[in-house]
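Heads up, the thing below is written out as structure tokens.
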Amino acid sequence: MDASINENAEEGSPTGFARKSAFTFAGQVVVFASNLAIGILLARVLGTEGKGAYALIASTVALTSSIVTLGMPFAVTFYVGRHKWPPVRTFLLGSACALVPLLLLLAVMQVVGPERVLRKAAFSPEVIQLTWLVLVLGLPLQTLGAMAGAVLRGRELIVETVWPGMVTSIVRTALVAGLLLLVRREVISVVFADLAVGALGTFLIGLIFYRALQGWPSAAERPSLARLVSYGLQRQAGSILFMLWFRGDLYFVNYFHGKSAVGLYSVSMAFAESASFPALSVISVLLPRLALSNAGDRLDRTLRTHRAVAVLSAATGLVLAGASALIPVVYGRSFAPAIPATLICLGGCVLSAEIFVINSYLAAEDRQMLAVAAVMVGLVCMIALDLLLIPPLGISGAALAYAASLVVTYGVSLWLCFRFSLLRDTRTLIPRRQDLLDLVCAVRSTIGPSRRSAR
């Protein structure tokens, strides 16, 4: 592992995009399988209310993380990659920028009272207590791990950062299953498992970070707090909007229809969002690659990636549409009402990967505020439709609002790119036969060496 770290850190130009994407995909398969297994366990053991309670806890913690980290993971990756900032000082600076707002927020909530803050979202006492527990114990460690991973990603040490997620996902699945089935059939079992596994993941990524420092190339430029915060705040605005956009309707569903409806809708959203799952491995490698690429290669890489993820998302969406009939079989008969909402969500989710590609390009061009503007339009669209459709239609209304907002956001993103001359020809976005051949060649080139070495 040390040799691969040194090789990646010292390389003059980025290489192995397909290999890194494929390895990332393998890691995401493990994470996806773990999340799926845990979701099924929650549904089977705790029912729709337990599934809904955990969805509210996880969404609140993720939203809080987006708010307090000030976009530091993105900023750290960008400046370590584009401007070659030194790793340790960048890590310390980014961690301080993220942890100070988190600690201030937790102190204010402690003074005011977590129950008084979270009760306004119609949370039950159990959900309030468990959410506060994760915020205090889990989020600081998660922030440090994210910052170490961001530094590594800045030098495209992608492969080295994937395996900790695979290990922790397997451990999490086993721990959740053991606690739910053998110890306590309550949401607190899953929360405890998340806290334990989060600590393990932070330790593993920290170990990789320490080893990577031994072969890290020298850096002349000094980190700038002002530049880091400026870039991070712009990315943070996008992160907050993304979290509100992707999970905000859960709160409306909970307010109007309760935790059982949230449990149903969380299954619909998770199932439909899997349409972008194969493409996420490519996208996760894209931003570090764009940051390391020169201006001439950046647009070409973005267009080819956009076409590739469009093909992947469309194919996955068709498969998921047919597989949605299995939701009651997998999760239980009480989850049958989630099928219509799932199909509606899929109509928009096939575009989410393409939106991520465009946003990565805008971030690499240091024009991330254009992405923020597009997401803002989508969020406003979703909230307006949520308030109009959820009271009479329930989770189907939420699904309609979500799908429509994705279509609107994609359209606005493209319009802004053309408006500011970042894109010039719509035909370059449409997948062609050659893109299919390139995907096949990428897969063959990825698995070919491993087969030869096995022989």
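The values are calculated or read from the model by the stated rules, or taken from the named source; none is laboratory data. Just so it is clear, the structure is predicted and the values come from calculations on it, not from any experiment. Heads up, the Cβs are rebuilt from the backbone with ideal geometry, glycines too, and the neighbour counts pull from every protein chain shown. Protein only, heavy atoms only, side chains kept; ligands, DNA and RNA dropped before computing areas. Shrake-Rupley method; radii C 1.70, N 1.55, O 1.52, S 1.80 Å.
Here are a few things to note about the model shown:
- Pairs are defined by a Cβ separation below 8 Å, a sequence spacing of at least 6 or placement on different chains, a first member in segment 156-177 that is among the charged types (D, E, K, R), and a second member that is crowded, with 17+ Cβ neighbours inside 10 Å and assigned to a loop (DSSP other than H, G, I, E, B); the pairs so defined are Glu156/Pro14.
- The set of residues in segment 396-422 that are free of Cβ contacts under 8 Å to residues at least 40 places away in the same chain and surrounded by 12 or more Cβ atoms within 10 Å (Cβ to Cβ) comprises Gly397, Val408, Gly411, Val412, Trp415, Phe418.
- Checked against the criterion of being part of a helix (DSSP H, G or I) and open to solvent by 10 Å² or more (accessible area, probe 1.4 Å), the candidates Val76, Val30 yield just one match: Val30.
- Condition met for Arg19 (at pLDDT below 85, surrounded by fewer than 19 Cβ atoms within 10 Å (Cβ to Cβ), basic (Lys, Arg) and assigned to a helix (DSSP H, G or I)): yes
- Restricting the search to helices (runs of 4 or more DSSP H) fully inside segment 320-364 and requiring at least 2 residues that are under 16 Å from the mean Cα position of the chain (by Cα) and not polar (S, T, N, Q) gives 352-364.
- Residue tally, condition in contact with a helix residue (DSSP H, G or I) (Cβ under 7 Å, 6 or more places away or on another chain) and either open to solvent by 20 Å² or more (accessible area, probe 1.4 Å) or under 19 Å from Thr48 (Cα atoms) (or both), over segment 182-193: 8
- Residue tally, condition touching a Pro at 6+ places or on another chain (Cβ under 9 Å) and surrounded by 15 or more Cβ atoms within 10 Å (Cβ to Cβ), over segment 214-238: 5
- For segment 81-94, filtered to residues that are in a helix (DSSP H, G or I), open to solvent by less than 10 Å² (accessible area, probe 1.4 Å) and modelled with pLDDT of 85 or more, the residue that is farthest from Arg222 (Cα to Cα) is Gly94.
- Matching residues in segment 343-367 - criterion: being of a type outside the set (A, V, I, L, M, F, W, C) and either crowded, with 22+ Cβ neighbours inside 10 Å or within 19 Å of Glu273 (Cα to Cα) (or both): Gly347, Gly348, Ser352, Glu354, Asn359, Ser360, Tyr361
- Residue match in segment 128-149 (condition: of a type in the set (Phe, Trp, Tyr), assigned to a helix (DSSP H, G or I) and farther than 15 Å from Gly232 by Cα): yes
- Summed over segment 315-342, residues that are touching a residue at least 60 places away in the same chain (Cβ under 8 Å) and either touching a Phe, Trp or Tyr at 6+ places or on another chain (Cβ under 8 Å) or open to solvent by 50 Å² or more (accessible area, probe 1.4 Å) (or both) total 7.
- Between Val108, Val100, Val112, the distinction of being within 30 Å of Gln214 (Cα to Cα) and free of Cβ contacts under 8 Å to residues at least 12 places away in the same chain belongs to Val100 only.
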